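The values are calculated or read from the model by the stated rules, or taken from the named source; none is laboratory data. Quick caveat: nothing in here was measured; it's all calculated off a predicted structure. Cβ placement follows ideal geometry from the backbone for every residue including glycine, while neighbour counts extend to all protein chains displayed.
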C-alpha cells in the first residue's frame with residue numbers, strides 16, 4: 001500500500017463545511033498539513049485547493065471524487081506518491097505542477113487526456129503508465145521531468161501536443177503507437193537520450209544525430225525540434241518529399257555546416273536554424289514562400305541569397321546574419 005493510500009494516525013480529515021466540494025484555494029499554503037484524508041462523499045477538489053502545501057506528504061482521495069481542478073496540488077514539494085481513484089474522470093491543467101519530489105503516481109483509468117502542464121517540473125518522476133483511454137497528451141504535460149526515463153503510450157492516444165516531453169533529459173524509452181496521428185513541434189525537444197524515433201512517415205526526433213547524416217527518403221515530415229541541440233551534427237541530407245522546415249528543427253546545431261533544402265519546401269518556420277553559427281551558405285529553393293521569425297537568428301557565418309519568390313520574410317528572420325543578399329522587399 002502506497003503512502004498516499006495509508007491512513008496515518010496523525011492524519012487530518014478534510015471535508016467541506018457544507019456540500020460535497022472542496023473549494024478553490026481552500027487550503028492554499030497551509031504548511032502545517034502533512035497527512036490528509038479527504039472525507040468520503042467529496043465529489044470535487046477545485047482549483048488550487050491544496051496548492052503550496054509544501055509539507056504535505058500523503059493524501060488519500062476517496063472514490064467519490066470525480067474531478068480534480070487546475071493546480072490543485074501545485075508545489076506540494078513533499079508529496080512523493082499519490083493514487084487517483086478510477087472515479088476521477090477529469091484532472092485540470094497543472095494539477096501537479098512543480099511537485100518536485102513526486103516519484104510515483106497511479107492515474108485513474110477513466111481520464112481521457114493528460115492535461116496541459118499536469119506534471120510540469122516533476123523532476124523526481126521516473127516512470128508513468130498512461131491509462132488506456134487517454135486520447136491526447138497536451139502541451140507541456142511532462143516538460144522538465146528530468147528523471148523520467150520510460151513512457152509507454154497506449155494505442156488510444158491520437159495526439160501528442162507541442163512541448164509535451166520538452167527537456168525530459170533522461171528519457172530513454174518511449175513507445176509511440178501507430179494510433180498517434182499528430183505530434184506537435186518540440187514535443188521531444190531536449191530528450192537527448194532518445195534514439196532516432198520514427199512514426200509512420202514522420203521523423204519525430206533524432207537527438208543523438210552526429211556527423212554527416214541522411215534522412216530516409218520515405219520521410220515526408222520532420223517534427224519541429226527534431227535535431228535541436230545536436231551540437232556535433234555537421235551535415236544533413238533531407239528527403240525530397242518534405243514540405244516545410246518546422247520550428248526549431250536545427251536550433252542550436254552549432255557545428256552544422258550544410259543542409260540541402262529540397263525543391264518543394266514552402267516554409268522555413270520559427271527559429272528553424274537559430275544558432276547554427278557554422279552555416280555559411282544555404283540554397284533556398286524557389287518553392288519557399290515564407291520564412292518565419294528568427295529562422296536564421298544567430299547564424300553569424302551565413303551569407304545568403306534571398307529568393308525573389310519569397311512572399312513573407314519576418315523582420316527578424318535573418319537577425320545577426322552577416323550579409324543578406326537579394327530581394328528583401330517582402331520583409332515584414
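In the set 201, 235, 195, 210, only one residue is more than 18 Å from the chain's Cα centre (by Cα), in contact (Cβ under 8 Å) with a residue 12 or more places away in the chain and within 30 Å of residue 131 (Cβ to Cβ); that residue is 201.
Only one of 122, 145, 163 is crowded, with 23+ Cβ neighbours inside 10 Å and closer than 29 Å to residue 21 by Cβ. Can you tell me which? Please lay out each step first, then the result.
On the way: 145 fails: closer than 29 Å to residue 21 by Cβ; 163 fails: closer than 29 Å to residue 21 by Cβ.
Selected residue: 122, the only one of 122, 145, 163 that is crowded, with 23+ Cβ neighbours inside 10 Å and closer than 29 Å to residue 21 by Cβ.
Only one entry in 242, 219 is within 20 Å of residue 290 (Cβ to Cβ), in contact with a strand residue (DSSP E or B) (Cβ under 9 Å, 6 or more places away or on another chain), in a loop (DSSP other than H, G, I, E, B) and without any contact (Cβ under 8 Å) to a residue 60 or more places away in the chain, namely 242.
Might you let me know whether the stretch 67-77 holds any residue that is closer than 15 Å to residue 108 by Cα, in contact with a helix residue (DSSP H, G or I) (Cβ under 8 Å, 6 or more places away or on another chain) and either buried (at least 18 other Cβ atoms within 10 Å of the Cβ) or modelled with pLDDT of 95 or more (or both)?
Checked the stretch 67-77: no residue is closer than 15 Å to residue 108 by Cα, in contact with a helix residue (DSSP H, G or I) (Cβ under 8 Å, 6 or more places away or on another chain) and either buried (at least 18 other Cβ atoms within 10 Å of the Cβ) or modelled with pLDDT of 95 or more (or both).
Being touching a strand residue (DSSP E or B) at 6+ places or on another chain (Cβ under 9 Å), closer than 29 Å to residue 150 by Cα and exposed (fewer than 14 other Cβ atoms within 10 Å of the Cβ) holds for only one residue in 175, 197, 202, 249, and it is 175. Could you please let me know if residue 40 is within 27 Å of the chain's Cα centre (by Cα), assigned to a loop (DSSP other than H, G, I, E, B) and on the phi < 0 side of the Ramachandran plot? Considered against the rule, which asks whether it is within 27 Å of the chain's Cα centre (by Cα), assigned to a loop (DSSP other than H, G, I, E, B) and on the phi < 0 side of the Ramachandran plot, residue 40 comes out as no. Any residue in the stretch 101-108 that is surrounded by fewer than 18 Cβ atoms within 10 Å (Cβ to Cβ) and part of a loop (DSSP other than H, G, I, E, B)? Yes, some residue in the stretch 101-108 is surrounded by fewer than 18 Cβ atoms within 10 Å (Cβ to Cβ) and part of a loop (DSSP other than H, G, I, E, B). Checking each residue in the stretch 115-127 for being closer than 12 Å to residue 165 by Cα and either touching a strand residue (DSSP E or B) at 6+ places or on another chain (Cβ under 8 Å) or touching a residue at least 60 places away in the same chain (Cβ under 8 Å) (or both) picks out 118, 119. Could you grab me the full set of residues in the stretch 245-266 that are closer than 17 Å to residue 186 by Cα and not in a loop (DSSP other than H, G, I, E, B)? The answer is 245, and nothing else.
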